[in-house]
Amino acid sequence: MSRAREKTVSEDNGGETAVEARDLTKRYGDTVVFEDLDVDVRDGELLCLLGPSGCGKTTLLHLLAGLEEPTDGGVYFDGERVEEPDYRRGVVFQDPHLYPWRTVRGNVGFGPEVRGEAADSDRVDNLLRMVGLEEFSDAKPAELSGGMAQRVSLARTLANDPEILLMDEPFSALDALTKMELQDELIGLMGKLGMTAVFVTHDIEEAVYLGDRVAVMGEEGAGIRRFIQTAGNENRDSDGFARKKGEILTMFEEENGD
């Protein structure tokens, strides 16, 4: 896999590209979020975008999704320039944004309806089983916990059969135990469905646990500083997991002059 220009350090350049950004620049007025950024997301991987608040990780995710336009450069998906949102690039937001008048089943089936297609009942049933909500299919959002609501949001996105998931800190508002449970469920879903995903987080432990690679972003304007290959969903108490956490933490400390 080739890169237009090598601006960042990657530990592994193998794999087919699912979506890529080339010479990507984003400004809001005089504020430079990042510039001349290159990134490849490989088929079947979970790439975590990790960085402090304001570094541009959510902006980058929005550009990959087609929710925002770049100031310069471009994003390419299936060989075509991304100009607008597309259900094949499914987005899961921090807030589940469920429709309160719809049941769990109705929320999961909403995506295909927006595209003018009837929801596939068998697929909805299967997704509800996969996220553990088959017994709550007739419940309304007000009856759900935060973790359950986020499961519905994920299933709703998957109902569109996307080729890639773009996830914007979906577990950040959850308690620690629920967050860990959903992390494990996401890893399982990725394996079962053979999905590709980009996951935004500011949590080093979450990035190392979930990601096949971690794109470490610097302060505002710095863009991606380095790509780090993780230990591959190791147990949180393993030596390999601790080493990767320490490596990333050291990077942030050096950048902040600590």
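Nothing in this text is a laboratory measurement; each read-out follows from the coordinates by a stated rule. No experiment lies behind these values; they were computed from the predicted model shown. All Cβ positions, even for glycine, are placed from backbone atoms using ideal geometry, and neighbour counts span all protein chains on display.
Worth pointing out:
- Rounded Å value of the spacing that divides the Cα centres of the range 83-104 and the range 139-181: 10 Å
- Count of Lys pairs (Cα-Cα under 28 Å; at least 8 positions apart or interchain) in the chain: 16
- Cβ-Cβ FRET estimate between Glu113 and Arg243, R0 fixed at 51 Å, reported to 0.05: 0.60
- One decimal place: the segment Asn235-Asp203 gains 9.9 nm when fully extended, by the rule 0.36 nm per residue minus the C-alpha distance.
- Separation of the Asp125 and Phe93 label points, Cα + 7 Å toward Cβ, nm: 3.2 nm
- Cut-off 12 Å between beta-carbons: net charge of the residues surrounding Glu181, Lys and Arg +1, Asp and Glu -1: -1
- Correct option for Kirkwood radius over Cα pairs in Å [calculated from the coordinates] among (1) 18.3; (2) 25.3; (3) 18.9: (3)
- Under a model in which nothing but the beta-carbon of Lys, Arg (+1) and Asp, Glu (-1) is charged, the range 155-258 shows a dipole of about 360 debye around its Cα centre.
- Axial C-alpha extent at least 15 Å, average Kyte-Doolittle at least 0.0 - helices from the chain (DSSP): 146-158, 176-193
- Taking a sphere under 10 Å around the Cβ of Leu98 and counting the other residues whose Cβ falls inside, with K and R at +1 and D and E at -1, yields a net charge of +2.
- One decimal place: the segment Glu135-Tyr28 gains 33.9 nm when fully extended, by the rule 0.36 nm per residue minus the C-alpha distance.
- With R₀ set to 30 Å, the beta-carbon distance separating Glu219 from Asp78 gives a calculated FRET efficiency near 0.35.
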